[in-house]
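Single-structure report; data block below.
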Amino acid sequence: MTNPSRRALLGAALGGAVAATAGLPATAHAASWKLRWSPSASGDGLGAFETVEDDRADSHPAGQPHIFAEGDNFRFNMHTVDRDTATDRQRQEVTGLRTGNGSYLKWLPGETWRVTYRMYIPDSLKATTSFTHIMQMKQPGNGTSPIVVQSLRRVSGVQTIELKLPVADILVGRTDLEPLHNKWIDVDFRITIGDGTSGSVRWILKDGSSTVVDRSKSGVDTLLADRVRPKWGIYRSLGDTSGSLRDTHLLLTGMRGHQLV
């Protein structure tokens, strides 16, 4: 039988241990990517996106639809006669990530998002001396500046693909385009949404098992106001001076959207 003094000492020791433990924080869990968006072109069609900007000036009815599901791929057709509402440029794009219940995902300040997909760029979709964007991150609304652009640009006569933060004119990364023509390329893009110097981006391109580009930039501004919304498709200027504008298309497949939680 335990005597009173020993019982008191044991109780005091146990009480002290409980008190010490109660003051400790719960075990922290490492952040991980949560899949939030996984559309199927054959199943969801263009319902996978928040909005569709298909020949919004109705400039080429004979070519409509310019954006459609083709098997497991999303296809964006562009013809040299196509014109946007601003007639010095062409635009066939989709925006946003629409989920199965009809709502769409909002990318908000302080959040980190990631989109992955496979992309097929035919050699008819060439880099130009003026802008040719095939992915943008923007604030929704007319007339807003792009926050991030993935573009096909000619640099000293060489066709390249690049990622840029155009507001601050920051080049994140660039590589030769021609070796990536006529094949499926894996894209992995990540963004932390933040104002001033609280944002960051990472851009990865893979050609099969080979990593072509893996570039990051932190301490950058990735927010204008409200939220960030991704766009994909072909958006290009008619001001090219290299003779590179052709009837062409872009294919995207296996699109996925993840949030870091």
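When every residue of segment 228-235 is checked against the conditions, none turns out to be farther than 22 Å from Leu46 by Cα and either surrounded by fewer than 17 Cβ atoms within 10 Å (Cβ to Cβ) or in contact (Cβ under 8 Å) with a residue 12 or more places away in the chain (or both). Note on segment 214-243: residues that are within 24 Å of Arg56 (Cβ to Cβ) and assigned to a loop (DSSP other than H, G, I, E, B) total 7. Looking for something buried (at least 20 other Cβ atoms within 10 Å of the Cβ), within 19 Å of the chain's Cα centre (by Cα), modelled with pLDDT of 95 or more and not in a strand (DSSP E or B) - is there at least one such residue anywhere in segment 121-137? Checked against the condition, which is being buried (at least 20 other Cβ atoms within 10 Å of the Cβ), within 19 Å of the chain's Cα centre (by Cα), modelled with pLDDT of 95 or more and not in a strand (DSSP E or B), segment 121-137 yields at least one hit.
Being in contact (Cβ under 8 Å) with a residue 60 or more places away in the chain, open to solvent by 20 Å² or more (accessible area, probe 1.4 Å), among the polar types (S, T, N, Q) and assigned to a strand (DSSP E or B) is true for just one of Thr211, Thr253. Which residue is that? Exactly one residue qualifies, and that residue is Thr253. For segment 173-202, the set of residues classified as under 13 Å from Asp221 (Cα atoms) and in a strand (DSSP E or B) consists of Ile191, Thr192, Gly199, Ser200, Val201, listed by residue number.
Do we have any residue at all in segment 102-116 that's assigned to a loop (DSSP other than H, G, I, E, B), under 18 Å from Thr132 (Cβ atoms) and in contact with a strand residue (DSSP E or B) (Cβ under 9 Å, 6 or more places away or on another chain)? No: zero hits.
Which is among the small types (Gly, Ala, Ser), open to solvent by 10 Å² or more (accessible area, probe 1.4 Å) and touching a residue at least 24 places away in the same chain (Cβ under 8 Å), of Gly143, Gly102, Gly110?
Gly110
Taking segment 184-208 as the range and being under 20 Å from Leu252 (Cβ atoms) and open to solvent by 40 Å² or more (accessible area, probe 1.4 Å) as the test, the residues that pass are Trp184, Asp186, Arg190, Arg202, Lys206, Asp207, Gly208. Candidates are the residues of segment 89-99 that are of a type outside the set (Gly, Ala, Ser) and part of a loop (DSSP other than H, G, I, E, B); the one that is most open to solvent (accessible area, probe 1.4 Å) is Thr99.
The values are calculated or read from the model by the stated rules, or taken from the named source; none is laboratory data. Predicted model only: the values in this text are computed from it and were never measured. Cβ sites come from the backbone with ideal geometry, for glycine too, and all protein chains shown count toward neighbours. When the accessible area is computed, the model is the full protein with side chains, heavy atoms only, and any ligands, DNA or RNA have been set aside. Shrake-Rupley method; radii C 1.70, N 1.55, O 1.52, S 1.80 Å.
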